[in-house]
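Step one of this worksheet: look at the structure below.
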Amino acid sequence: MGSQEQEQAKDIRVFCYSCNKPLELEMGDTVGRREECPRCMSLLHCCRMCQFFNSSAYNSCREPNAERILDKERPNFCGYFSLRAGAEESAQDNNSAQNAAAALFK
């Protein structure tokens, strides 16, 4: 498998938002409201595991018709939930990128 194929396979895999470990799920799989990560026991049917989750979007959701959900790490009944693929950017990676950008303008 070439490096490009490995990178594409990595993007299709599903990772837990909490421990960032790969799950035995595929993008678009149905996830029950009480389903947990087998490693860290975090609940998976939550905003942070959804393809529409984006912390910089209004209500942290790119789906404009979704109801507001306050706790993004708790299970919910959102009808727009769709399991996302790939690993979520960690806050540390995001902060280091912001710091690097800020350093450019000093």
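The values are calculated or read from the model by the stated rules, or taken from the named source; none is laboratory data. Predicted model, so just to flag it, every value in this text is computed and none were measured. A quick note on method: Cβ atoms are made from the backbone with ideal geometry, for glycine too, and the neighbour counts reach across all protein chains shown.
Here region 27-53 is the region considered, the condition is being more than 13 Å from the chain's Cα centre (by Cα) and charged (D, E, K, R), and the residue that is surrounded by the fewest Cβ atoms within 10 Å (Cβ to Cβ) is Arg34. Scanning region 22-73 for residues that are in a loop (DSSP other than H, G, I, E, B), touching a residue at least 40 places away in the same chain (Cβ under 8 Å) and not β-branched (Val, Ile, Thr) yields Met27, Gly28, Asp29, Arg33, Arg34, Glu73. Note on region 60-77: residues that are farther than 20 Å from Arg33 by Cβ and surrounded by 15 or more Cβ atoms within 10 Å (Cβ to Cβ) total 1.
In summary, Met41 fulfils each of the numbered conditions (1) under 14 Å from Ser18 (Cβ atoms); (2) at pLDDT below 95; (3) aliphatic (A, V, I, L, M) with the single exception of condition (2).
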